[in-house]
Amino acid sequence: MWDQSLSGSGLQLNPTENRQILALSISKERNMFVAERFISDLVKIHGIHPVSTDDGGTWYPMACQFLKLDHHIHSSYEKSVIERKMQYIKDRTESFDDYFPCRIKNCKLKHVRNWLRLFVDYHNNEIKHIK
């Protein structure tokens, strides 16, 4: 089954102005090292941009400082939009797991990662076609 502790803390979303999902990852921990790896992967793909986060976690500002990137925290409105999108993704992932539960002991969540890649690709493709 899908571990709820992972969904609450491990999904990381970086929305753009066009509402596409730039990156999404699962991690068991929330710390500066995970944030640094996530942000540095984004920089490799999309180049250097200011980093915006939606919570008060200290790991994002620390990771940005380590990577020498500008960091700011979203407004309350932006936070609510991001949280709504995250809840939508979590709900869809849970629904997927309800219909296709994993029965493997010590599962490495490969099926969830595959589902998330498919979801992000489909979501971003739909966003492109709406505009």
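The values are calculated or read from the model by the stated rules, or taken from the named source; none is laboratory data. These numbers were taken from a predicted model, which means no experiment stands behind them. Here the Cβ is made from the backbone with ideal geometry for all residues, glycine too, and neighbour counts use every protein chain on show.
Give the residues of the range 55-89 that are part of a loop (DSSP other than H, G, I, E, B) and basic (K, R), sorted by residue number. First the steps, then the outcome.
Residues of the range 55-89 that are part of a loop (DSSP other than H, G, I, E, B), as a first pass: 55-58, 68-70, 74-75.
Across the range 55-89, the qualifying residue is only K68.
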**Prompt:** Which of the residues that make up the range 2-54 are under 23 Å from P101 (Cα atoms), at pLDDT 80 or above and not in a loop (DSSP other than H, G, I, E, B)?
**Reply:** L24, S25
**Conditions (1) of a type outside the set (G, A, S); (2) touching a residue at least 24 places away in the same chain (Cβ under 8 Å); (3) surrounded by 13 or more Cβ atoms within 10 Å (Cβ to Cβ); number of the one not met by C107** = (2)
**Fill in**
How many residues of the range 90-131 are among the basic types (K, R) and assigned to a helix (DSSP H, G or I)? The answer is 6
